[in-house]
Ligand SMILES: [Zn+2]
């Protein structure tokens, strides 16, 4: 997990201050709903963050328009990252909540160029429950949509 955790109050977080121009950033792109800038951590060269301009703590706090705009900007940035850095792989990572791995409570998505043995890891402990369990999960979700 990353070492950095932003504990600023909502609306005063480092990304809001960055959007407001109160702290410097290596900006890549911005539009009415999103901003993209170089992650200061640079897990790999070309690592970009795409965030909403408005403070929304997580995906769940973003409007459908903001969620779509972040993905559109991430797609645009990913194409540029691929053209410029030519990585053999590319990972998009969007984390929500402390247990989800989020370290700045302002909705954002990582665009991360990937390379052999780059040190990035996410364990994926498959459980493979019976089909009836999956059907039950799906039924509950359909009812909530
Ligand atoms: Zn914010």
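Each reported figure results from applying straightforward, stated rules to the coordinates on display, with no laboratory input. The structure displayed is predicted, hence computed values, not measured ones. Note: ideal-geometry Cβ built from the backbone for every residue, glycine included; neighbour counts use all protein chains shown.
Here is how the numbers come out for the structure above:
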{"quantity": "Relative intensity, log₁₀ I(q)/I(0), of the range 16-99 from a Debye sum that treats every alpha carbon as a point, q = 0.11, 0.13, 0.18, 0.20 Å⁻¹", "calculated": "-0.29, -0.41, -0.81, -0.99"}
{"quantity": "Label-to-label distance, nm, for residues given as residue 23 and residue 90 (7 Å Cα→Cβ offset)", "calculated": "2.7 nm"}
{"quantity": "The range 80-145: radius of gyration over Cα atoms, expressed as a fraction of 2.2 N^0.38 Å", "calculated": "1.58"}
{"quantity": "Whole-Å semi-axes of the ellipsoid equivalent to the chain (Cα gyration tensor, √5λ, descending)", "calculated": "27, 21, 16"}
{"quantity": "Mean separation of Cα contacts under 8 Å, 6 or more apart, over the residue count of the range 1-58: relative contact order %", "calculated": "26 percent"}
{"quantity": "On Cα atoms only, tilt of 64-85 relative to the major axis of the chain in degrees", "calculated": "60 degrees"}
{"quantity": "Helix axis angle, 131-144 relative to the chain longest principal axis, alpha carbon, degrees", "calculated": "60 degrees"}
{"quantity": "Between the range 9-42 and the range 100-144, the alpha-carbon center distance in angstrom", "calculated": "25 Å"}
{"quantity": "Residues residue 116 and residue 80, FRET efficiency given R0 of 30 Å [Cβ-Cβ distance, rounded to 0.05]", "calculated": "0.85"}
{"quantity": "Mean separation of Cα contacts under 8 Å (6+ apart) over length of the range 61-145, as relative contact order %", "calculated": "26 percent"}
{"quantity": "The chain: relative contact order as a whole-number percent, Cα under 8 Å and 6+ apart", "calculated": "25 percent"}
